[in-house]
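The values are calculated or read from the model by the stated rules, or taken from the named source; none is laboratory data. Just so we're clear, the structure is a prediction, and the values are computed from it rather than from any experiment. Methodologically, a virtual Cβ is constructed for each residue, glycine included, from the backbone with ideal geometry; neighbour enumeration extends over all protein chains shown. Remember, those area values only see protein heavy atoms, side chains included, never the ligands or the DNA or RNA. Shrake-Rupley method; radii C 1.70, N 1.55, O 1.52, S 1.80 Å.
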Amino acid sequence: MEESPLSFDVIETPLGVVGFSCRLGGGKAQVDLRVGPIKPDLPAHFPPVTLWAAVWQVVAREPVPEVTLTAALTGIPDDAVGDYDTGERLAAFTFETADVAVTLGGPDFESVREDAESGEHMPGRWVDELDEFTVEMAEPARLIWRLPGLEPGESVRLAVAVAWAEPSEEYLTTYSAVSVSTDYAVRQLAH
């Protein structure tokens, strides 16, 4: 029997609500999600931006066959236009109206693989178990990480960010803002 996903706090943006869920393929784990505003790490000449981060921490208490983490922007107004964008270790969706741009982003496959190789935020043995389907971008604006299983005591930590600002033709302000490392998000949320 498949377990229901665990739901967490949401982040309210000018173009909808970002919700988070975690689904375990069985077994038991302690699942935490820390959510809060953080300081953008952008050049001083960039326009002002509001940035929030969410960091999942999943620690297995017994064998967990798989871990699926989801972040989704819902309630997007009909007049908003947008699409997905990937690159530079980021999987993201950006939607804009005449007044505001909102970007939801998190680690792409390359970034997840690098984290597994370092063994810092996820088990190093995952390197051989990850494939290009590990990170899925589903329309209209849902990011899904389908991660391998955890053995007791193993953990995974993964950060997602959402940013909003006035639209700018000159800078990809919100896209640049959500490109945060897990370490940066953890440090910022600790303050």
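Examine the range 81-100 for a residue that is in contact with a helix residue (DSSP H, G or I) (Cβ under 6 Å, 6 or more places away or on another chain) and basic (Lys, Arg), and state whether such a residue exists.
yes
Would you please name the residue that is nearest to the chain's Cα centre (by Cα), looking only at residues in the range 10-31 that are free of Cβ contacts under 8 Å to residues at least 60 places away in the same chain and open to solvent by 70 Å² or more (accessible area, probe 1.4 Å)?
Out of the qualifying residues, it is Val10.
Which of the residues that make up the range 52-71 are touching an Asp or Glu at 6+ places or on another chain (Cβ under 9 Å) and buried (at least 21 other Cβ atoms within 10 Å of the Cβ)?
Answer for the range 52-71, where residues must be touching an Asp or Glu at 6+ places or on another chain (Cβ under 9 Å) and buried (at least 21 other Cβ atoms within 10 Å of the Cβ): Ala54, Val55, Trp56, Val58, Ala60, Val64.
Go through the range 155-191 and give me each residue that's part of a loop (DSSP other than H, G, I, E, B) and either more than 18 Å from Leu33 (Cβ to Cβ) or among the small types (Gly, Ala, Ser) (or both).
The initial filter retains those residues of the range 155-191 that are part of a loop (DSSP other than H, G, I, E, B), namely 166-172, 178-181, 191.
Of everything in the range 155-191, those that are part of a loop (DSSP other than H, G, I, E, B) and either more than 18 Å from Leu33 (Cβ to Cβ) or among the small types (Gly, Ala, Ser) (or both) turn out to be Glu166, Pro167, Ser168, Glu169, Glu170, Tyr171, Leu172, Ser179, Ser181.
Only one of Asp41, Asp99, Asp115, Asp78 is free of Cβ contacts under 8 Å to residues at least 40 places away in the same chain and charged (D, E, K, R). Can you tell me which?
Only one candidate passes the filter, namely Asp78.
If Pro77 satisfies every condition in (1) touching a Leu at 6+ places or on another chain (Cβ under 7 Å); (2) open to solvent by 20 Å² or more (accessible area, probe 1.4 Å); (3) more than 23 Å from Glu166 (Cβ to Cβ); (4) not aromatic (Phe, Trp, Tyr) but one, which is the exception?
Answer for Pro77: the failing condition is (3).
Ser111 is checked against (1) surrounded by fewer than 19 Cβ atoms within 10 Å (Cβ to Cβ); (2) outside any strand (DSSP E or B) and fails just one. What number does that condition carry?
If we test Ser111 against (1) surrounded by fewer than 19 Cβ atoms within 10 Å (Cβ to Cβ); (2) outside any strand (DSSP E or B), just (1) comes out false.
From Val178, Val162, grab the single residue that is in contact with a Gly (Cβ under 6 Å, 6 or more places away or on another chain) and crowded, with 18+ Cβ neighbours inside 10 Å.
From the options Val178, Val162, the qualifying one is Val178.
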